[in-house]
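Data first, discussion second: the structure below is written as structure tokens.
Read-outs: derived from the displayed coordinates by stated rules, not from any lab. Given the structure is predicted, the values throughout are model-derived calculations rather than measurements. Every residue, glycine among them, receives a Cβ derived from its backbone with ideal geometry; neighbour counts consider all protein chains shown.
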Amino acid sequence: MARVRARARGQREDEVAPGQAGRGRERDQGLYRDLHQASLLSDSPRADYQLGWKTPIVGHAWLVVRRWIHQEIRIYVDALQEQQSAFNTTVARVLTRLVERQEDSASREELAELRAEVQAIRRELAELRAGTTHRMNRIERDDQDEGR
């Protein structure tokens, strides 16, 4: 997650490909922001509150009954909350890894495209050199023929 956050903070406008300067960058920053928010909220703290009473005669008895009910219900709610928290943490972790893999995959694809482009340029350069060498040889032969 730290790598994703660092990349989101470190990406500058001039690092974005031309034509993608607006939409892609905004979409990526939104994704990183959402992942960060999900990781922060994935393990939310338990909600605790105080039970009180206001009615003077039956209020204290009602408070005892409410506390007992609250404790009984809390057993189930806490178990569900722990399961949900573990699930949320796992989902946030998996999503972060998927985004990182996708970025790595995109980098590998871009690298493969650049390598193919370099190979094409090298072939073209070799053809130009061969053509130039052929022309230079022809010019030298023509000069020698004229000199005779």
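Data overview
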read-out: Karplus (6.51, -1.76, 1.60) ³J(HN,Hα), θ = phi - 60°, over region 105-116, in Hz, Gly and Pro reported as x; value: 5, 4, 5, 5, 5, 5, 5, 5, 5, 5, 5, 4
read-out: Alpha-carbon centroid distance for the pair region 57-79 / region 95-110, whole angstrom; value: 50
read-out: In Hz, Karplus ³J(HN,Hα) per residue of region 56-61 (6.51, -1.76, 1.60; θ = phi - 60°; x = Gly, Pro); value: x, 7, 9, x, 5, 5
read-out: From the C-alpha gyration tensor of region 50-115, square roots of 5λ in Å; value: 56, 11, 4
read-out: Three principal axis lengths of region 107-148 [C-alpha, angstrom, descending]; value: 61, 7, 5
read-out: Surrounding net charge for Arg66, when Lys and Arg each add one and Asp and Glu each subtract one, Cβ distance under 14 Å; value: +2
